[in-house]
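K.L.:
My structure is below; once you've seen it, I'll send some questions.
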Amino acid sequence: MRVYLELFIEFFQIGLFAIGGGPATIPFLMDIPKRHDWYKVSDVANMLAVSESTPGPIGINMATYAGYNAAGILGGIVATFSLVLPSLIVIILIAKLLDNFSKNKYVQGSFGLIRPAVTGLIATAVYGIFQTALFYDTEGKFQIPVVLLVVVAVYFALMNVKFLKKLHPAFWIFCGAVMGIVFKM
Amino acid sequence: MRELFELYAAFFRIGGLTFGGGLTMLPMLKHELVTKKNWVKEDDLLDYYAIGQCTPGIIAVNVSTFVGYKKRGIIGAIFSTFGMISPSLIIVSIIALFLSGFMSNPYVAHAVGGIKIVVCALMLNTVITMGKKTIKNVLGAVICILAFLIAMLTPVPTVAIVIVAGVLGVLLTKFDKREESR
């Protein structure tokens, strides 16, 4: 029983203090082995690899995996719920506040500039993914960038066809998985 | 009740079909929430992202909590958040339980390699449509490019960039008469 309480305390803290999403939880996860023997610091890289290649938010996947290592399936559930609890509380409070202030001209003014800034930030994420997809294959070796450029070009050509626009992104992701296996990417 | 279940199901799909977490989830969120269900506007989605980035916790979870709350209040927030985390709980537990060699499986690795490339195309598409909506004047374009460059070239945390952009927006509203008369 004690391990679940400890999981709750550790992951609630991470959820409360890790600002900036999944990657921000990594330093906290590296810190946990100092206090508990749930996993080793060297396991964190492995946790990250599994989390990145399974669906879902990376931070959630890592919490589930770490919790599982500590105390089995129930441990994974406890860790994950503890991680999202602070978000639930904080976001609900902010959403309530925003309801009252969304007509305020200062709030509107600040979001007027925050939106383009966030667009720029998202563009950096795109660049980051481009880099890993473009330059390294699964063995960490250089991969032919032409493949990617062709895929992007074809995708945009297809996007001009109306009915293809309505397709679920998951369809393209599935195509990508098949393509990856066929061409050993 | 039916709407709560729909919230849960929509976020379950989003969580279960995205690889790479937070930001790569954007094309999926846009498709499910804006295009398909028309639950939120594209601008709102970006605001939730901005807030999700400056508040504690996983960004994807923050966004789902936000959308759920907007739709159906606190209970809606809980349903969409649980929808978002359910696939992770199930899939990661199964992998941890049965597949110790999951990562070294060549098929998994190749599939992930292919998925990454598709995610690039999806993300690029999303950023371009987002840019068209969010950049309304020269100032917006400057801010967007500055945010991109600062995040790329300096170790300044993204939280700081979002906050500075917000403060600038407030200051502009305060001192710009034209904005005021709007």
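K.L.:
Being closer than 22 Å to A:TYR155 by Cβ, in contact with a Gly (Cβ under 9 Å, 6 or more places away or on another chain) and modelled with pLDDT of 80 or more narrows it down to one residue among B:ALA111, B:ALA147, B:ALA151, B:ALA96; which is it?
P.N.:
B:ALA111
K.L.:
Here is a follow-up. Would you confirm whether any residue within the stretch B:158-165 is touching a residue at least 40 places away in the same chain (Cβ under 8 Å), under 21 Å from A:VAL118 (Cβ atoms), outside the structural domain of B:LEU23 (by TED's automatic domain parsing) and surrounded by fewer than 19 Cβ atoms within 10 Å (Cβ to Cβ)?
P.N.:
Within the stretch B:158-165, one or more residues are touching a residue at least 40 places away in the same chain (Cβ under 8 Å), under 21 Å from A:VAL118 (Cβ atoms), outside the structural domain of B:LEU23 (by TED's automatic domain parsing) and surrounded by fewer than 19 Cβ atoms within 10 Å (Cβ to Cβ).
K.L.:
Got at least one residue in the stretch B:103-115 being aromatic (Phe, Trp, Tyr), on the phi < 0 side of the Ramachandran plot and not assigned by TED's automatic domain parsing to the domain that holds B:GLU32?
P.N.:
no
K.L.:
Name the residues in the stretch A:41-66 that are out of contact with any helix residue (DSSP H, G or I) (no Cβ under 8 Å at 6 or more places or on another chain) and either facing another protein chain (nearest Cβ under 8 Å) or not hydrophobic (A, V, I, L, M, F, W, C) (or both), would you?
P.N.:
A:SER42, A:ASN46, A:ALA49
K.L.:
Could I ask something else about it? Would you be able to tell me the number of residues in the stretch B:128-139 that are at pLDDT 80 or above and either more than 24 Å from the chain's Cα centre (by Cα) or assigned to a helix (DSSP H, G or I) (or both)?
P.N.:
Total meeting the criteria: 6.
K.L.:
Would you call A:ILE58 under 23 Å from B:TYR48 (Cα atoms) and either surrounded by fewer than 22 Cβ atoms within 10 Å (Cβ to Cβ) or at pLDDT 90 or above (or both)?
P.N.:
Taking the combined requirement at face value, the residue does not satisfy it.
K.L.:
Then there is this: Within the stretch B:29-69, restricting attention to residues that are at the interface with another protein chain (Cβ under 9 Å from one of its Cβ atoms) and β-branched (Val, Ile, Thr), which residue is surrounded by the most Cβ atoms within 10 Å (Cβ to Cβ)?
P.N.:
So the residue we want is B:ILE58.
The values are calculated or read from the model by the stated rules, or taken from the named source; none is laboratory data. Computed from a predicted model, the values in this text were never measured in an experiment. No Cβ is skipped: glycine too gets one built from the backbone with ideal geometry, and neighbour counts run over all protein chains shown.
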